[in-house]
Every structure is written in C-alpha cells, then in structure tokens.
Amino acid sequence: MSDARLPTFDGKAFVRQLSTAPGVYRMIAADESVLYVGKAGALKKRVASYFNASPKSPRIASMLSQVARMEVTVTRTEAEALILENQLIKSLRPRYNVLLRDDKSYPYVLMTQEAWPRIAMHRGARSVPGRYFGPYPSVGAVRETLNLMHKLFRLRSCEDSVFRNRSRPCLQYQIGRCSAPCVGLVEADEYAVSLRRATMLLEGRSDELTGELGQLMEAASERLEFEQAARLRDLIGSIRTLQARQYVDGRAADLDVLAVAMQGAAACVLLLAFRDGRNLGTRAFFPRTNGSDSAEEVLAAFVSQYYGEQQSGGQQPPREIILDRDIPDRELIEQALSSGGNGRRVQIRSSVRGERAGYLDLARRNAELALATERTGHAAQKARSEALQVLLGLEEPAARIECFDISHTMGEATVASCVVFDAEGPVRGQYRRYNIAGIEPGDDYAAMNQAIARRFRRAVDEDSVLPDVLLIDGGAGQVAQAREALDELGVQGVVLVGVAKGPARRPGDEELLLPDGRGVRPGAESPALQLVQQVRDEAHRFAITGHRGRRQKARNSSRLEDIDGIGPRRRANLLKHFGGLGGLKAAGVEEIARVEGINVALAERIYATLHGLDTPTDDRPPPRSTA
C-alpha cells in the first residue's frame, strides 16, 4: 500500500522534458527499488503512453501507483537501447518485468584463442578466451556439430594438459578425426586454413565455403596435384551431402521458430532452431512473468532479452525469427537486432506458410506439453514444501533451504558443499564449496563446524540472506557442531535439521533430527522426506564432484615439483618424454637419466620419490630399469 504522505509522481510533467531520441527508462519506487525497465525508439512517445487516459491493466495500474520517480538514459540507436535494457533487467531484476531466468548453462561451441586452437563444447560463463558459436538449444546439437567439425577439418579437441605432454599421436589421429598438431604432424598454415573453413561452416556460410573449395579443387587439378584435388572433392561432397539431407524449404535456412504457451501467469517459450539448414532441436524456457498474463508481452520480452544478450556477447541472431503471434515493438526489436554492424538483416515474422507453418505448429504443441510437465513438477514441489512446513511446524513454507555435506577419501582433499533450494527448486548460481584445511584428516565434525562458520560468518558480516531451514547431512554429532558454530556467531531464526541414515542405509529410512531434540522417521511415502532427500542428494552430488576434482588436481600436480633440482622446464621435459606421469612412473633410473637435463643422481631421486622409497645413498646401488 502506498504512503499517502508521499508526493504523487507527475508523469505528464516528466514527459514534457523528454526528447524523442531512443533510450531506456526506469521506474523507481519510494524505497529506491526498480519497478520496471523498458526501451523505446522514441522516449517521449513511449513514456507518455503510460500517463494518458487510455485504460490500463491491473498490473500496469498497480505499478504506476508505486512510481516515485523515473530515470532515462538516451542512446544513439535502438540497438544500444536493446542491449542496455537487457543489461539492466539482468542486473536489477525489476519487480514488474518479465524475466528470462539467468541460465548460464546454454551450450556453445568454443574455438579457443591459442597457438593451436581447439574446438570443444562449453557451458557456463564465457571466460575462456576464444570465439563462441551458439547458444545451441541442446547438448546433443553441440555434440553433433563437433562430430562434424572433427570429421571434416580434423581439429584438436584435447585439453592443454594432454596436448602439451603428448609424445606420439593419440587415437583421434588414428581414426582420422585430428591432424595431430601436438606432435607436429600438421603445419601451422594448414591448421589455420582448417580453422577458417570450420568457422565458415559454423557461421552458416556453407555455400561460400563449397564455392571456395571448388575453385581450389580446379586449380589443384590444373597443377596435376590430383591427390590434393581428390581430398578437396571429398570435402565438398561431405558438405553437399549434409546440405542435401538437412535443407529446409529447398534452401539452407538460418532461422528460429518460437511459440509461447501460458496457463495463468505460468509461461513456456519453446525454441526450435535451424542453422545452415540443420535442425538443432528444441529447448524450453520458463520465464518469470511477474504477474503478466499476456502471451504477447512474454514473447516480446523473451525475444528482446534472449537475442539482445546474444548480440551483446558478440553473437549474431538468425536471419529469420518466426513467432506464433505478433508482438509489441516488433519493428523496433527487428531494427535493433538488424543493426549489428555487418549489414545482416533480421526478419521477425508471425504469418508463414508451407513447411514453416508446420514447424510453428510443432513448436506450439511442444510448448504446451513442456508447460504442462513443468506445472505438474511445480505442483509436486509445492506439495512437498507444504508437507515439510507441517512436519517442522513452520508458520509458512520455507522460502530458502540450504544443505551442507562433507566429502573426502580417508581424510584426503576434504570438501564441504552448500546447496540452495527455493520454492521452485535448486538455485545453482548460489551453490558454494569450501576446501577444508587445518583439521585432523577424517574429522567430519571439525569439517562441518568450519564450513558452517565460514558460510554464516560472511552472512553476518555482510548482512546477507539466511536460510529458513538448514539441513545437515549427518547425525547428532554433525548437528551439534553446526549448532555450536551458529551460536558462536549469534545467528538466530534458522531451523536446523539433521538428516541421518537409517540402520539399513536405505532411501526412505532416514531419521530427521528436529530442533526440539526429537528424531522422526517420516517414511519413504512422505512428501516432506522426499523434498529433504532431493536437497540432501544434491548436496552429496555437489560435494563428491568437488572432492574428486580437488583430489585429481592434487594428484595431477604430482610430486615432481617437490624434488630438489626439478623446475618447470625439467618437469615439462620429463612428462613430454614419457607421455605423462604414468609413463614416468613405469620407467627405470637408466631411462629417466636419458632425458635432457637429467643426470643419474637426479634420476635416482625422481625414481625414489615416485615410488615412495628413501632417497638412494652412494653405498646402495640404484634400482634397475623395469624395461
């Protein structure tokens, strides 16, 4: 409810001072929270539409009643306005905007930026230097694309740790899927040509590529280089076969098909993607509507945010975007997406015929099915949350649940995990891992105390959000350690629950240790226990993954660095000579001593260290070769 003492925002007076330039406007409440962020091709015209006499929907009327002030940012072009709007929506999370969920799991094809670039799938933040192609609608589409790239252009896929330490070609070279740059079996210029051709195919320029290859094939034939001409002929044939198999409407299509389904305020946007005529499959998105019940508004927000984010990240939208309905600001969004600086025009259409109409119908039906499935899962999640509320005696369902778990192997590389769930399920962006140090190996109690203290000390210092329910994977000992850490920090209002395995350690037999000291076994049929199991299992998975990664990293770093006389250069020579740590451990002293920069005494120390032996002395003969 708005405060009557606050001055009413005079929207009409604000509009009079605006220009007709493109830009972004922000509606701000009295508490300085951002209510809404919007873009406009002409700021004055767009903002004025909110304060004229035309009827407003209840959602818009409620938003306008809370506006205390407005801010605008003028941009040079509509494209800049679109990019800025998307950046602000992502960072400010306005209360009344339709929000595309922040999902960093979109799969991309990554071509790295290094001396011998590799091509691989990438998910998550785009922090690795290189060029990203996508996003693709599914992991399967990325893998199919990579399979094609390796077959046609023989680009490397291995990680740098493998690439730097190879002494002979791997299996990928043997089966014709890599040109083995790791051991110098391909010239840098030839590899660069393959990269450029792969880039052209990933950009959808297959006709241009086949034309170029055809000219090269004819030139090779004229020079009587028939083997080279035959290789080019086979490459052209492979690309032509791909095109013939996957054309859309008789030509290489570069398009996305989008359909939206809504039930109340729940929405699903279904994306069906084609690139260079290849069907890349579908992906369902579930944007937060924040009360909007307009399918047109939801679809317009999705198109603006999804393709605007791609454009700001250096990716080009497809040439054609087909929608199952017309959307507001279609021409503005079309102009903004078309002004990427390369003269590429993006066309947004909602009236199509032929095969495209069939694809649109397919997208509609899949959107409705995906939404029904999602709502069923959401209803089940809500029921489990309400059951947990009753079991724990909470005043309302828990809005935030956190769970801690400890993972190690006989005390080695101990890692604690913290996972977060809200009313809709896991919030993966807020998961945390803690590398545990300074405790006795295998002391789970001390590890739990340290992890809880580290998480909540930061929460207290920064006055950040606390969970409603804190689950501890463990029995009374772990729960006592967590309680001790919370009490030392003065944390109040967190319901602490232990999750102890039953005698038979079977799922469904878990005992929940409640804050009042009681232990209850709800049983496998209990929705409350099912939610607890879901959160606990996710914490366990996240902890195991972190522990294995830390343990593997420690083992991969080997003990070579700890040997007196071994620096980065000698270590690299050793690993390169033997093809890795395994080959080095299998070698005898004489073989090790043959490596450049390694004498017999140093070889003896290396052998002894890798095999857990005492360092040999002058009066003891060195170990014999195992070869």
For residue 524, all conditions in the list (1) surrounded by 19 or more Cβ atoms within 10 Å (Cβ to Cβ); (2) without any contact (Cβ under 8 Å) to a residue 24 or more places away in the chain hold save one; what is the number of the exception?
(1)
Quick check, is residue 124 at pLDDT 80 or above, among the small types (Gly, Ala, Ser), within 22 Å of residue 158 (Cβ to Cβ) and out of contact with any helix residue (DSSP H, G or I) (no Cβ under 9 Å at 6 or more places or on another chain)?
no
Hey, residue 286 hits all of (1) modelled with pLDDT under 85; (2) within 22 Å of residue 91 (Cα to Cα); (3) in contact with a strand residue (DSSP E or B) (Cβ under 9 Å, 6 or more places away or on another chain) but one; which does it fall short on?
(1)
Does the stretch 348-399 hold any residues that are closer than 30 Å to residue 255 by Cβ, free of Cβ contacts under 8 Å to residues at least 24 places away in the same chain and of a type in the set (D, E, K, R), and which are they?
353, 361, 365
For the stretch 555-585, give me each residue that is under 33 Å from the mean Cα position of the chain (by Cα), over 19 Å from residue 183 (Cβ atoms) and either in a helix (DSSP H, G or I) or modelled with pLDDT of 80 or more (or both).
555, 556
Scope the stretch 475-500; condition buried (at least 19 other Cβ atoms within 10 Å of the Cβ) and polar (S, T, N, Q); matching residues:
478, 481
State which residue is modelled with the highest pLDDT when the search covers only the stretch 301-332 and only residues that are assigned to a loop (DSSP other than H, G, I, E, B) and within 20 Å of the chain's Cα centre (by Cα).
317
Report yes if some residue within the stretch 419-441 is of a type in the set (Gly, Ala, Ser), within 30 Å of residue 522 (Cβ to Cβ) and touching a strand residue (DSSP E or B) at 6+ places or on another chain (Cβ under 6 Å); otherwise report no.
no
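Answer yes or no as to whether residue 244 is at pLDDT 80 or above, assigned to a helix (DSSP H, G or I) and small (Gly, Ala, Ser).
Details: at pLDDT 80 or above: no; assigned to a helix (DSSP H, G or I): yes; small (Gly, Ala, Ser): yes.
It is false that residue 244 is at pLDDT 80 or above, assigned to a helix (DSSP H, G or I) and small (Gly, Ala, Ser).
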Please enumerate the residues belonging to the stretch 469-502 that are part of a loop (DSSP other than H, G, I, E, B) and closer than 15 Å to residue 418 by Cβ.
474, 491, 494
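The values are calculated or read from the model by the stated rules, or taken from the named source; none is laboratory data. None of these values were measured; they are calculated from a predicted model. Neighbour counts run over all protein chains shown; Cβ positions are idealised from the backbone, glycine included.
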